[in-house]
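The values are calculated or read from the model by the stated rules, or taken from the named source; none is laboratory data. What you are looking at is a predicted structure, and each value in this text was computed from that prediction instead of being measured. No Cβ is skipped: glycine too gets one built from the backbone with ideal geometry, and neighbour counts run over all protein chains shown. Surface accessibility is based on the protein's heavy atoms, side chains included, excluding ligands, DNA and RNA. Shrake-Rupley method; radii C 1.70, N 1.55, O 1.52, S 1.80 Å.
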Amino acid sequence: MFKTIWFLNRLMHRHSGVSKHRSVVRYCSSAAEGAVAPSADCSITAEQAIRLWAQHFTLHGISEPLLSSQYIISHVLGEKTLECVQRKRLRDTLTDRERERVWELCSKRLTRMPVQYVIEEWDFRDLTLKMKPPVFIPRPETEELVSLVLEDLRLIQRTDLRCLEVGCGSGAISLSLLHRIPQLRVFALDQSQTAVCLTRENANRLGLQDRLDVHHLNVIKDADTILSKCDPVDFLVSNPPYLLSQDMETLQTEILRFEDHRALDGGLDGLSVIRPILALSSKLLTQRGRVYLEVAPCHPPVIQQLIQEMMPELLYLETRYDLSNRPRFCIVQKKGEDD
């Protein structure tokens, strides 16, 4: 505590004098203990608030401290990133309401809550999605998965396409595909009711709800129900839980504390959800329909062997690499009559 007070007093003295920002210091130094607003008599510019909170986050061991501060304060100012905020606006004194909102959101970040949950939204490709804990936060690799699917589908001249997504989370994959493919209809499912509700909310916000059918179903326990409700599909896409259980303990505090572990933990070998997905695909895919999976780098050869030995209806097509050159995506195809 004393280290924090000393640090912030030095910081504010360097900016514009100790006395003017005494109340700011008092509230910043206690933010980690639950304070959510500065006192009414303090004033601070957006630039000063960004620096103050970035260094305060650093002091408390918060990951990506500067980015966290920039995202939160840009959000309060009505923009997505700092680059979008006018330079003059950054030098203006925050209004009482803006200052209170900054302190409220930055105090949440001090608890290790991910920025996506703090500001309650995040961009995925060209969509802005509402975010809510503990629904899984989509990562950049999943944007690559969507790009891969779109690349494969670009030459298909069909008046209708059907897709099944297993584990829709916030709806990022399904809604991105629906946004880009007007002839597509998606049947999406998730084991989390919170995720199902969030997907529906995002679909309604984006005007895509008419081509999306979302269900609270578990691919492991509810396979028969899925088969009865879902018509044959041209492709299946999933970013399933694929972390090995033993690796869960190595995750960041932000993930362990706030995100749904069921969306991450794939069991002892990371394949506890992937196996039933493949089994389901052999029954639901149309001839030469495809499965697109995001997996752990250790999984592609294991999945290929599993299909060759246990799933004669399926053909392992190829492994694709992510931007970090890791084997990240598996493409599987249902065999046709001539295969």
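Can you give the Kirkwood hydrodynamic radius for the range 184-304, in Å, rounded to one decimal and based on Cα pairs?
When all Cα pairs of the range 184-304 are included, the Kirkwood radius is 15.6 Å.
Just to confirm a number: summing +1 for Lys and Arg and -1 for Asp and Glu over residues other than Leu256 whose beta-carbon lies under 14 angstrom from that of Leu256, what do you get?
Once all neighbours under 14 Å are counted, the net charge is -3.
Using Cα centres only, tell me the gap between the range 268-339 and the range 195-238 in whole Å.
About 20 Å separates the Cα centre of the range 268-339 from the one of the range 195-238.
For a quick check, take a GNM of the chain with Cα springs below 10 Å and name the residue from Lys283, Lys132, Lys108 with the largest mean-square fluctuation.
Fluctuation is largest for Lys283.
Run a plain Debye calculation on the chain (Cα atoms as equal point scatterers, no solvent) and give log10 I(q)/I(0) at q = 0.08 Å⁻¹, rounded to two decimals, same order as the q list.
-0.47
Quantify, in whole percent, the carbon and sulfur part of the accessible surface of the chain (1.4 Å probe; protein heavy atoms only).
49 percent
If you roll a 1.4 Å probe over the heavy atoms of the protein chains, what accessible area per residue do you get for the chain, in Å²?
Averaged over the residues of the chain, the accessible area is 47 Å².
Assigning unit charges at the beta carbon (Lys, Arg +1; Asp, Glu -1) and nothing else, what dipole magnitude in debye, to the nearest 20, does the chain show about its Cα centre?
So the dipole magnitude of the chain works out to roughly 1460 debye.
By average Cβ neighbour count within 10 Å, what is the ranking of 43-51, 313-321, 235-243 from highest down?
Output ranking for 43-51, 313-321, 235-243: 235-243, 43-51, 313-321.
Which of Pro276, Leu323, Pro297 sits farthest toward the positive end of the charge dipole of the range 189-323, with +1 on the Cβ of Lys and Arg and -1 on the Cβ of Asp and Glu?
The Cα lying farthest towards the positive end belongs to Pro276.
Just Gly167, Gly267, Gly78 to compare: in a GNM of the chain, with alpha carbon springs under 10 Å, which one fluctuates most?
Of Gly167, Gly267, Gly78, the most mobile in the Gaussian network model is Gly78.
Compute the signed sum of charges (Lys and Arg +1, Asp and Glu -1) over the other residues within less than 14 Å, Cβ to Cβ, of Val233.
Within the 14 Å Cβ shell, the charges total +4.
Pairs Lys221/Lys283; Lys130/Lys221; Lys229/Lys334; Lys229/Lys335; Lys283/Lys334; Lys88/Lys130: which are spaced more than 18 Å apart, C-alpha to C-alpha?
Beyond 18 Å: Lys130/Lys221; Lys229/Lys334; Lys229/Lys335; Lys88/Lys130.
Nearest 5 is fine: what % of DSSP beta bridges in the chain come out antiparallel, could you say?
45 percent
At 222 nm, what helix-only mean residue ellipticity would the chain give, in deg cm²/dmol to the nearest 500, using -39500 (n - 2.57) for each DSSP H run of four or more?
-13000 deg cm²/dmol
Using the per-residue mean of other Cβ atoms lying within 10 Å as a proxy for protection, in what order, highest first, do the peptides 137-143, 271-277, 203-209, 225-231 fall?
For the peptides 137-143, 271-277, 203-209, 225-231, the packing ranking is 271-277, 137-143, 203-209, 225-231.
I'd like the accessible area for Leu212, computed on protein heavy atoms only with a 1.4 Å probe and all protein chains in place. Round to 10 Å², please.
Surface open to solvent at Leu212 totals about 20 Å².
Would you mind counting up the charge near Glu141? Only other residues with Cβ under 10 Å from its Cβ, with Lys and Arg at +1 and Asp and Glu at -1.
-1
Just the accessible area for Arg162, please: 1.4 Å probe, Å², rounded to the nearest 10?
The value for Arg162 is about 60 Å².
Expressed in nm², what is the orientationally averaged projection area of the convex hull enclosing the Cα positions of the range 76-211?
10.1 nm²
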